[in-house]
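Working notes, beginning with the structure itself.
The values are calculated or read from the model by the stated rules, or taken from the named source; none is laboratory data. The model shown is predicted, which means the values in this text are computed figures rather than measured ones. Because the Cβ atoms are built from the backbone with ideal geometry, glycine has one as well, and the counts that use them run over all protein chains shown.
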Amino acid sequence: MKNNSENNQSEFIIGRHPVVSALRGKQEINKVFLQTGIHKDEKSVEEIIKLAKQKHLVISMVPKQKLDLLSDHQNHQGVVLSISPYDYATIDELFENAENKQEAPFFLILDNIEDPHNLGSIIRTADASGVSGVIIPKHRAVGLTSTVAKTSAGAIERVPVARVTNLVNTIKELKDRGVWVFGTDIKGNDYRRWDAKGSVAVVIGNEGKGISPLLKKNVDEMLTIPMIGNLQSLNASVAAGLLMYQGYNSRNPL
């Protein structure tokens, strides 16, 4: 199930809530798989069948073993969608998304995040906190996969994700377009004082190595999350969540 937008293989969305979100979205769907014997009168299953019929999709009743295979033995809850590989947005489309929401851009840049669960959690929080778009590198980082989709609980359908060849060049482009870019590091200004009003982007580093030195040289300002315990680092999705909600708080004061 390791697929991406560079090939023609199918991807899969598993789990009832992510499947409903995908059926409501614009992702191209090939087929719906339901587990034989599933209770079709359950509310979530009823909605899946209704949405699938509205889209004139083929619904295949298959044994649990088939779904186990398609989902790589993850918790599929009796339903799997076969979809075309995920489409990535362009940087222009991220700006357009902010414009459509009538707000200044608020972007999240992820420097080589490798864990799909972290990426899915980050996209879910990005949706909740009003992030205009997420930017990830094309190489040495996880892309949009079925695991990311499931972990995002459907947010992958609402938050545009751009995949770029060079993060340094992308940061320079954002700065040329009036975006103030913030990095995260053990040394920097306390994130609780961060004023994220206006056009901003914040860079979250790799789970183990943090932000690459070259990226650090190209950000406008560094932010740090103060910690008093023995460990001086946080899970990438936790750190991203704190920064995103500080951004939300400063952009939406009480």
message = Between V45, V58, V19, V32, which is outside the structural domain of V148 (by TED's automatic domain parsing), out of contact with any helix residue (DSSP H, G or I) (no Cβ under 8 Å at 6 or more places or on another chain) and of a type in the set (A, V, I, L, M)?
response = V58
message = Looking at (1) in a loop (DSSP other than H, G, I, E, B); (2) over 21 Å from S152 (Cβ atoms); (3) of a type outside the set (G, A, S); (4) modelled with pLDDT of 90 or more, which one does D41 not meet, given that it meets all the others?
response = (4)
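Rundown of residues vs (1) more than 28 Å from T151 (Cβ to Cβ); (2) out of contact with any helix residue (DSSP H, G or I) (no Cβ under 6 Å at 6 or more places or on another chain); (3) aromatic (F, W, Y); (4) outside the structural domain of I113 (by TED's automatic domain parsing), yes/no style:
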{"position": "G198", "(1), (2), (3), (4)": "yes, yes, no, no"}
{"position": "A201", "(1), (2), (3), (4)": "no, no, no, no"}
{"position": "G208", "(1), (2), (3), (4)": "no, yes, no, no"}
{"position": "S212", "(1), (2), (3), (4)": "no, yes, no, no"}
{"position": "T224", "(1), (2), (3), (4)": "no, yes, no, no"}
{"position": "I228", "(1), (2), (3), (4)": "yes, yes, no, no"}
{"position": "S233", "(1), (2), (3), (4)": "no, yes, no, no"}
{"position": "L242", "(1), (2), (3), (4)": "no, yes, no, no"}
key: M244 surrounded by fewer than 12 Cβ atoms within 10 Å (Cβ to Cβ) and either modelled with pLDDT of 95 or more or part of a loop (DSSP other than H, G, I, E, B) (or both)   = no
inquiry  = Among the residues that make up region 75-85, is at least one of them closer than 24 Å to S199 by Cβ, touching a helix residue (DSSP H, G or I) at 6+ places or on another chain (Cβ under 9 Å) and not hydroxyl-bearing (S, T, Y)?
reply    = no
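Rundown of residues vs (1) at pLDDT below 95; (2) closer than 23 Å to K138 by Cα; (3) among the aromatic types (F, W, Y); (4) not in a helix (DSSP H, G or I), yes/no style:
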position	(1), (2), (3), (4)
V168	no, yes, no, no
K175	no, yes, no, no
V181	no, yes, no, yes
K187	yes, no, no, yes
R192	no, no, no, no
L215	yes, yes, no, no
I228	yes, no, no, yes
L234	yes, no, no, yes
A239	yes, yes, no, no
query = Residue check: is G183 surrounded by fewer than 19 Cβ atoms within 10 Å (Cβ to Cβ), of a type outside the set (S, T, N, Q) and within 21 Å of the chain's Cα centre (by Cα)?
reply = no
query = Would region 159-175 turn up any residue that is under 18 Å from E11 (Cβ atoms), in the same structural domain as A98 (by TED's automatic domain parsing) and of a type in the set (V, I, T)?
reply = yes
query = Is it the case that some residue within region 221-230 is free of Cβ contacts under 8 Å to residues at least 60 places away in the same chain and on the phi > 0 side of the Ramachandran plot?
reply = no
note = V168 meets each of (1) in contact with a helix residue (DSSP H, G or I) (Cβ under 7 Å, 6 or more places away or on another chain); (2) surrounded by 15 or more Cβ atoms within 10 Å (Cβ to Cβ); (3) among the hydrophobic types (A, V, I, L, M, F, W, C) with one exception, condition (2)
